[in-house]
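Trainee: Okay, here's the structure, questions in a sec.
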Amino acid sequence: MKIGKLSLLLAAALASTSALAQTYTLDIDLKKPGAPIQETMYGIFFEDINYAADGGLYAELVKNRSFEFPADPLQGWKAFGKVEVREDGPFARNPHYVRLQDPGHPHKWTGLDNEGFFGIGVRKGETYRFSVWARVPGGGCSTLRVELVNTASMGENHFLCQEELAVSGREWKKYQLLLSPDTTLEKSALRIFLTGERTPVDLEHVSLFPADTWMGHENGLRKDLAQALADLKPGIFRFPGGCIVEGTDLATRYNWKNSVGPVENRPLNENRWEYTFPHRFYPDYYQSYGLGFFEFFQLSEEIGAEPLPILSCGLACQFQNENPAAHCPVDELQPFIQDALDLIEFANGPADSPWGAVRASMGHPEPFGMKFLGIGNEQWDSLYPEHLEPFLKAIRAAHPEIKVVGSSGPDSEGKQFDYLWPEMKRLKADLVDEHFYRPYDWFLSQGARYDNYDRKGPKVFAGEYACHARGRKYNHAYASLLEAAFMTGLERNADVVHMATYAPLFAHVEGWQWRPDLIWYDNLRSFRTVSWHVQQLYGQFRGRNTLTLKMAGANVTGAEGQGGLFASAVLDGDKVYVKVVNTSEEARTVNLNFTGLKKKAFLKGAGGMRLVCDQLYEDNTLDQPHRIEPAAFAFEGEGKQLEAGVPALSFSIFVLERQ
Ligand code: AHR
């Protein structure tokens, strides 16, 4: 027989053997628990991109509430009658305000409409808190009528509700009233009329919030969106970005000190996502800083996650600046370093320290207990270590208890990554932030990414990642499945990977710059994507220790011969969670084979959760928010070996109890 024929026969024999050998045995060693899985392992990355803050999580419904948008102080407003913009207002860092005056004829009107963020979404039966700083410049009293209106209405009235507000005296004071619309409307507008005697009145910081915010805070967050964060059971909460940490120029970097204290006096900042993509340009995208560092720390606490602020290292966005003059020279970094030291005091200092007192004045005398701080986002070249080093020295000297997160640049591998990792080791960063927005084949090939990482160096923070399919850069179930597959490798390597956060987090359906994202919304509704469910399953079944899981002696990383399977296992007290991701288009049978058990010990199946992603290119939507979700499945039986089916294109978590 010729060699060619023999090899053909052999190949056929092997193929038929593997066709018969449908059971993939996963050996799970229970002899002793492996590395602890950090509580910070799975978490949240927040950045104000895609209208994630103003127009999103931050529940303020009025756009340009302080009349500070630089191109036009009345951007977002429609003024009618006699409205004058003035700039000697009561809040030094937001000096503009408006003066409403008699229009000059009893049948004419003076006032303003605010368009909100893609409209103002309101619900019948809910209450909205309108507030405004006001004064009567000539003394005496003035009356305002405040309405929520539907200017597209075919009904008799435009207004959904209306109330009157009496303003009195020459002093600036804060006034409030409650509005209760009689209709649910995604795109209403706020209307303010000067009425009564039409006595001139000055208005500043015009605000409207739902009364029912997350945890009832007045300067609060949208409840459904904050709940979607809490439901992830996150262990770490990174804020405020992303690229906005760096700024297109240093002047417009996220400046945490401007984001604390009374909201009326937090100055407006530019948002780089306004103009970063000219094909999705949003000329009205600014940061009010209403959702600022106090609110971020408070939210971290309320959702049970460790706060992880990221600060500028004195480098403006390197994608946007080739001129070295854009950056702060190393020998002039002191103000930036002081910002970092002051932030530690703001978060952790006693209530009578200068920055601790600011925190206390905002309602949180107890320290927030911050443990981690990131310096720099996607930085590169020698510029980055040169800038990072003085921060590290100063933070180490004053606060050795703080763990500092450095960066490995914008790429998952390559020149900068290979340069920066050794630099981070040299500088002894505690964690290194890695970013990867990568296609299918990258995710399929990276199951073993961390298996050979140096165990003695800094720990890994997979700080931004998402599967971005070529030609399908939108949320879809197959991409989420590959994220789940990749995450088995994070979990298996929990001794070196201490944090992981999908990015970006939020997107308004009418205001996005970047896809895919974890949670989408319009003004009234929101939905959780399939990727959200993947993250949630990992958060819920995090476990406390890793367990060794192998297939024929090898880690299960989707390698050749492993049937497209990725798998990992963890221990949670007496429970074992086995995660199996089947990326193939065929159902598989797995044999969960537990080793290292005492003679009489065994495992008992206690059900499981499964996410089937066979609607490959579909996802949940505003209209069908529950289309693709995990479901519980029955998983029973007992013994040292348990067999189970794994559907094609699915992510299963098997729960077992040690007996
Ligand atoms: O998540 C969107 C952007 O991606 C982040 O701002 C940046 O860090 C990365 O390039």
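Trainee: Does region 409-429 hold any residues that are under 14 Å from Gly376 (Cα atoms) and within 12 Å of the ligand (Cβ to nearest atom), and which are they?
Mentor: Once the filter is applied, which keeps residues that are under 14 Å from Gly376 (Cα atoms) and within 12 Å of the ligand (Cβ to nearest atom), region 409-429 yields Gly409, Pro410.
Trainee: What helices (runs of 4 or more DSSP H) lie completely within region 362-459 and have 2 or more residues being at pLDDT 95 or above and under 26 Å from Asn258 (Cα atoms)? Steps first, answer last, please.
Mentor: Working: elements: 383-398, 415-427, 440-445.
Correct list: 383-398.
Trainee: Still on this structure, please answer the following. Out of the residues in region 331-373 that are in contact with a Pro (Cβ under 7 Å, 6 or more places away or on another chain) and closer than 21 Å to Thr252 by Cβ, state the one that is nearest to the ligand (Cβ to nearest atom).
Mentor: Of everything passing the filter in region 331-373, Leu343 is nearest to the ligand (Cβ to nearest atom).
Trainee: Could you list all residues from region 237-276 that are of a type in the set (S, T, N, Q) and outside any loop (DSSP other than H, G, I, E, B)?
Mentor: Quick first cut of region 237-276, residues of a type in the set (S, T, N, Q) only: 248, 252, 255, 258-259, 265, 269, 271, 276.
If the condition is that a residue be of a type in the set (S, T, N, Q) and outside any loop (DSSP other than H, G, I, E, B), then Thr252, Asn258, Ser259, Asn265, Asn269 are the ones that fit.
Trainee: If you don't mind, another one. Note down all Cβ pairs under 7 Å where the first residue falls in region 226-253 and is more than 20 Å from Val497 (Cβ to Cβ), the second is outside any helix (DSSP H, G or I) and more than 16 Å from the ligand (Cβ to nearest atom), and they're at least six residues apart or on different chains.
Mentor: Ala228/Ser526; Ala228/Arg528; Leu250/Cys328
Trainee: Val432 passes all but one of (1) surrounded by fewer than 20 Cβ atoms within 10 Å (Cβ to Cβ); (2) within 16 Å of the ligand (Cβ to nearest atom); (3) of a type in the set (A, V, I, L, M); which number fails?
Mentor: The number of the failed condition is (1).
Trainee: Across region 312-330, which residue is farthest from Leu392 (Cα to Cα) among those that are within 14 Å of the ligand (Cβ to nearest atom) and out of contact with any Lys or Arg (no Cβ under 9 Å at 6 or more places or on another chain)?
Mentor: Top of the filtered list is Phe319.
Trainee: Would you confirm whether any residue within region 235-246 is surrounded by fewer than 21 Cβ atoms within 10 Å (Cβ to Cβ), under 30 Å from Gly463 (Cβ atoms), within 16 Å of the ligand (Cβ to nearest atom) and of a type in the set (Val, Ile, Thr)?
Mentor: No, there is no match, as no residue in region 235-246 is surrounded by fewer than 21 Cβ atoms within 10 Å (Cβ to Cβ), under 30 Å from Gly463 (Cβ atoms), within 16 Å of the ligand (Cβ to nearest atom) and of a type in the set (Val, Ile, Thr).
Trainee: I would also like to ask the following. What are the residue pairs meeting all of these: first residue in region 287-298, first residue assigned to a loop (DSSP other than H, G, I, E, B), second residue of a type in the set (Lys, Arg), Cβ atoms under 9 Å, and 6 or more apart or on different chains?
Mentor: Here the result reads Ser288/Lys63; Ser288/Arg65; Ser288/Arg266; Tyr289/Arg266; Gly290/Arg65; Gly290/Arg266; Gly292/Arg266, each pair linking region 287-298 to a residue that is of a type in the set (Lys, Arg).
Trainee: Another question about this same structure. So which of Arg492, Arg470 is more than 15 Å from the ligand (Cβ to nearest atom) and either over 16 Å from Val581 (Cβ atoms) or among the aromatic types (Phe, Trp, Tyr) (or both)? Talk me through it step by step, then tell me what you get.
Mentor: On the way: Arg492 fails: either over 16 Å from Val581 (Cβ atoms) or among the aromatic types (Phe, Trp, Tyr) (or both).
Being more than 15 Å from the ligand (Cβ to nearest atom) and either over 16 Å from Val581 (Cβ atoms) or among the aromatic types (Phe, Trp, Tyr) (or both) holds for just one of Arg492, Arg470, which is Arg470.
Trainee: Just checking: which of the strands (runs of 3 or more DSSP E) contained wholly in region 526-645 hold 2 or more residues that are more than 27 Å from the chain's Cα centre (by Cα) and touching a residue at least 40 places away in the same chain (Cβ under 8 Å)? If you could, list the steps in order and put the result at the bottom.
Mentor: Details: elements: 526-528, 545-550, 565-572, 575-582, 588-595, 603-612, 631-633.
In region 526-645, the matching strands (runs of 3 or more DSSP E) lie at 545-550, 565-572, 575-582, 588-595, 603-612.
Trainee: Within region 474-484, is there a residue that is within 14 Å of Thr621 (Cβ to Cβ), modelled with pLDDT of 95 or more, within 16 Å of the ligand (Cβ to nearest atom) and more than 16 Å from the chain's Cα centre (by Cα)?
Mentor: If we filter region 474-484 for residues that are within 14 Å of Thr621 (Cβ to Cβ), which is where we start, we get 474-477.
Within this subset, residues satisfying the condition of being modelled with pLDDT of 95 or more are 474-477.
Checking the rest, the ones that are also within 16 Å of the ligand (Cβ to nearest atom) come to 474-475.
Still in the list and also more than 16 Å from the chain's Cα centre (by Cα): 474.
Among the residues of region 474-484, at least one is within 14 Å of Thr621 (Cβ to Cβ), modelled with pLDDT of 95 or more, within 16 Å of the ligand (Cβ to nearest atom) and more than 16 Å from the chain's Cα centre (by Cα), which makes the answer yes.
Trainee: Which of the following residues is surrounded by fewer than 16 Cβ atoms within 10 Å (Cβ to Cβ) and either modelled with pLDDT of 95 or more or of a type outside the set (Phe, Trp, Tyr) (or both): Leu208, Leu194, Leu203, Leu178? Give the steps one after another, and end with the answer.
Mentor: Values: Leu208 fails: surrounded by fewer than 16 Cβ atoms within 10 Å (Cβ to Cβ); Leu194 fails: surrounded by fewer than 16 Cβ atoms within 10 Å (Cβ to Cβ); Leu203 fails: surrounded by fewer than 16 Cβ atoms within 10 Å (Cβ to Cβ).
Among Leu208, Leu194, Leu203, Leu178, only Leu178 is surrounded by fewer than 16 Cβ atoms within 10 Å (Cβ to Cβ) and either modelled with pLDDT of 95 or more or of a type outside the set (Phe, Trp, Tyr) (or both).
Trainee: If you take just the strands (runs of 3 or more DSSP E) that sit entirely in region 130-236, which of them hold at least 2 residues that are hydroxyl-bearing (Ser, Thr, Tyr)? Don't jump to the end; show me each part of the working.
Mentor: Working: elements: 141-149, 159-168, 173-179, 185-195, 201-210.
Result: 141-149, 185-195.
Trainee: May I pose another question? Can we say Pro329 is surrounded by fewer than 21 Cβ atoms within 10 Å (Cβ to Cβ), farther than 22 Å from Ser259 by Cβ, over 26 Å from the mean Cα position of the chain (by Cα) and modelled with pLDDT of 95 or more?
Mentor: On the way: surrounded by fewer than 21 Cβ atoms within 10 Å (Cβ to Cβ): yes; farther than 22 Å from Ser259 by Cβ: yes; over 26 Å from the mean Cα position of the chain (by Cα): yes; modelled with pLDDT of 95 or more: yes.
For Pro329, the condition - surrounded by fewer than 21 Cβ atoms within 10 Å (Cβ to Cβ), farther than 22 Å from Ser259 by Cβ, over 26 Å from the mean Cα position of the chain (by Cα) and modelled with pLDDT of 95 or more - is met.
Table: residues versus (1) among the hydrophobic types (A, V, I, L, M, F, W, C); (2) in contact with a strand residue (DSSP E or B) (Cβ under 6 Å, 6 or more places away or on another chain); (3) away from the ligand (no atom under 16 Å from the Cβ).
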| site | (1), (2), (3) |
| --- | --- |
| Thr40 | no, yes, yes |
| Tyr51 | no, yes, no |
| Asn64 | no, no, yes |
| Lys78 | no, yes, yes |
| Glu84 | no, yes, yes |
| Asp88 | no, no, yes |
| Thr110 | no, yes, yes |
| Phe118 | yes, no, yes |
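The values are calculated or read from the model by the stated rules, or taken from the named source; none is laboratory data. For clarity, every value in this text was computed on a predicted model and none was experimentally measured. Here Cβ is always computed from backbone atoms with ideal geometry, including for glycine, and neighbour counts include all displayed protein chains.
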